[in-house]
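Here, each number is a calculation from the coordinates, and none is a lab measurement. Everything numeric here is computed off the predicted structure, so don't read it as measured data. For neighbour counting, all protein chains shown are included, and Cβ atoms are generated from backbone atoms with ideal geometry for every residue, glycine included.
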Amino acid sequence: MKLIVAIIKPFKLDEVREALSALGVQGMTVSEVKGYGRQKGHTEIYRGAEYAVSFLPKLKIEVAVKAEMAAAAIAAIASKAKTGQVGDGKIFVTSLEQVVRIRTGETDGDAL
Amino acid sequence: MKISLSKKLALGALASAGTLMATAGSAFAAAPKIDSGDTAWMLTSSALVLMMTIPGLGLFYAGMVRRKNMLATMAQSFGATCVITVLWMIVGYSIAFTPNPGAGLNPYIGGFAYLFLKPMGLGVTSSLAPTIPESVYMFFQMTFAIITPALIAGALADRMKYSAFLWFMALWLLFVYCPIAHWVWGGGWLGTLGALDYAGGTVVHLNAGTAGLVVCLMLGKRVGYGSENMAPHNLLFSVIGASLLWVGWFGFNAGSAVTSNVNAGMAAAATQIATAAAALGWMFSEWLIAKKPSVLGMISGAVAGLVAITPASGYVNPTGALIIGISAGVVCYVASVWVKKLLGYDDALDTWGVHGVGGAWGAMLTGAFASNAINSSAKGWLIDGNFGQMWIQFVDVAAVFVYCGIGTFIILKLIDMVIGLRVSPEVEREGLDINLHGEEVHG
């Protein structure tokens, strides 16, 4: 099993979700986050006072999938979240040791 | 605050004749002629000016502070409103707007006959507003007395103790605002000299702005000023606040005709024109220099225009209003953005840059653009060739600046010695809302 964590541009969420659903991914967790990468930040000016805003708003999505589905899921996120502009985000993939569905007690593949 | 002189004299004579007759015998009793149209407009104006402070000014300021100080900022406008209302009833109105029996003292301060508003019965009128009940005139002036000290809160934002703030409001009202209001409007020396201040360019705005400059210098900068992000937490509130100020200002300026007549109409028109022009003046200056027309810039410019047209509103024609407005937008932009940065004082929300500078600018331009054709009690420099008016306006500006500066300094020194002015750095960092008021804005 793999845990896929992707940082994407907020307005790309719906496309990514649709693509993952089409692949059969059963669930996803989304958080509003702030951060920076190569895009850096921007500058706000209020009556001449300039503030560098170095953390930009992004969405973090977390998806747990069976190992054999990981490559397709990663490809789906990568293609749907892409604009070609700096700031499109990143995808992090880690191995997942255990999954438990709280309601039924099912584990691992059955719980996904 | 000035109705046309001829009408004022005529009505004043009528009113005093009425009083004489009433005392002479009931057969000829003609009570002072209270005009229902004037009274209706002045009741409306009073409510409009109150709305400028709560919620207008409160929202304007609260949107510009950081989220942790939002309620504390609202508490300043609201608390000032309540404290000043009570003090105005007890003694403020009396020393500002009623004559002093000592003729030698009257140029400087009013009398004490109106303590607790005791003589203010149903049919009583003031010689300053002979066509409306004195209760209405007292209420109208009360709303001016409320907003003037409340404006200072912009300079002391984010760092003053609430107890010190309330003491400051109370003492400043009694020892700075009331005397100056008496000098200009209550029969004192500046009014006698011929200073033109229709609705409070010096009495209200230069006065509050000067006090703001003094208090921000005495408090010192906010913790983290210049290094931490102090961006306004929600400018939507400020836009709503500025818009309420704009609408309420028709009570301020057109209401200062103290009648519902031609002067009120002209003052309203001048106010609208100057405000829009100043918003554009600030916006285009910023667009040119900082490359973007900010929303904060537009609303700041509008307030600057409202401030600058305040002393001029009942005296100038529409062209005068346009010039005063555009120039005030540019001048206040320069004062609030460039001069402040250059000199390094932390006038947090630009009480001095907008109200002090805009008030003084408007007061001087009133001398330049006042027109006898618009108001028979005024003769300005550019239209009527009366350059002497510029000198009188300068004396008005200088007197208010100097007296207010010294008075504010002494009051703050006293408060600082007894209870201290400023919250601790820990309180300031964590926020005034939770520490001073035990509340926070959620959601």
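The stretch between A:Tyr36 and A:Ala72 holds 10.3 nm of extra length on full extension. This uses 0.36 nm per residue minus the Cα-Cα distance.
For segment B:5-437, relative contact order (Cα pairs under 8 Å, six or more residues apart, normalised by length) works out to 21 percent.
Once C-alpha pairs closer than 8 Å and six or more residues apart are averaged by separation and normalised to the residue number of chain A, the relative contact order reads 42 percent.
In terms of its alpha-carbon gyration tensor, segment B:107-199 comes out prolate; a/c meets the 1.5 threshold, and the first ratio a/b outweighs b/c. Between A:Leu3 and B:Cys82, the FRET efficiency from the beta-carbon distance, with R0 = 51 Å, is close to 0.35. Measuring gaps between exposed loop sites in chain B (trypsin sites (Lys or Arg not before Pro); DSSP loop; at most 13 other Cβ atoms within 10 Å), the longest gap, sites not included, is B:34-290.
For segment A:1-80, trypsin sites (Lys or Arg not before Pro) are listed when DSSP marks them as loop and at most 16 other Cβ atoms sit within 10 Å of their Cβ; the list is A:Arg38, A:Lys40, A:Lys66.
Among the GluC sites (Glu not before Pro) in segment A:14-112, those placed in a DSSP loop whose Cβ has at most 13 other Cβ atoms within 10 Å are A:Glu97, A:Glu106. In terms of Cα to Cα distance under 18 Å, which aspartates and glutamates are near enough to A:Lys9, apart from those fewer than 8 places away along the same chain? A:Lys9 reaches A:Glu18, A:Glu32, A:Glu62, A:Asp88. The simple spin-label model puts a point 7 Å past each Cα toward its Cβ; for B:Val395 and A:Ser79 those points are separated by 8.5 nm.
In chain B, helical runs assigned H by DSSP with n ≥ 4 each contribute -39500 (n - 2.57); averaged across all residues and rounded to the nearest 500, the mean residue ellipticity at 222 nm is -18500 deg cm²/dmol. Ellipsoid fit via the Cα gyration tensor, segment A:2-111: semi-axes of 33, 15, 11 Å, each the root of five times an eigenvalue, largest first. Averaged over the residues of peptide A:41-51, the number of Cβ atoms from other protein chains lying within 10 Å of each residue's Cβ is 6. Once the Cα-Cα distance is subtracted from the 0.36 nm per residue extended length, the B:Asp416 to B:Tyr108 segment shows a gain of 108.1 nm. With a Förster radius of 56 Å, plug the Cβ-Cβ distance of B:Val262 and B:Ser163 into 1/(1 + (r/R0)^6) and report the FRET value to the nearest 0.05. Calculated value: 0.75.
In this calculation the C-beta distance from B:Val247 to B:Arg67 is compared with R0 = 22 Å, giving a FRET efficiency of 0.25. With one equal scatterer per alpha carbon and no solvent term, the Debye-computed log10 I(q)/I(0) for segment A:35-91 at 0.15, 0.16, 0.26, 0.27 1/Å reads -0.59, -0.64, -1.07, -1.11. Can you compute log10 of I(q)/I(0) for the protein assembly as shown with the Debye formula, treating each Cα as one identical point scatterer, at q = 0.08, 0.10, 0.13 Å⁻¹? Here log10 of I(q) over I(0) equals -0.60, -0.81, -1.20. For segment B:355-443, the list of chymotrypsin sites (Phe, Trp or Tyr not before Pro) that fall in a loop by DSSP and count at most 13 other C-beta atoms within 10 angstrom reads B:Phe387.
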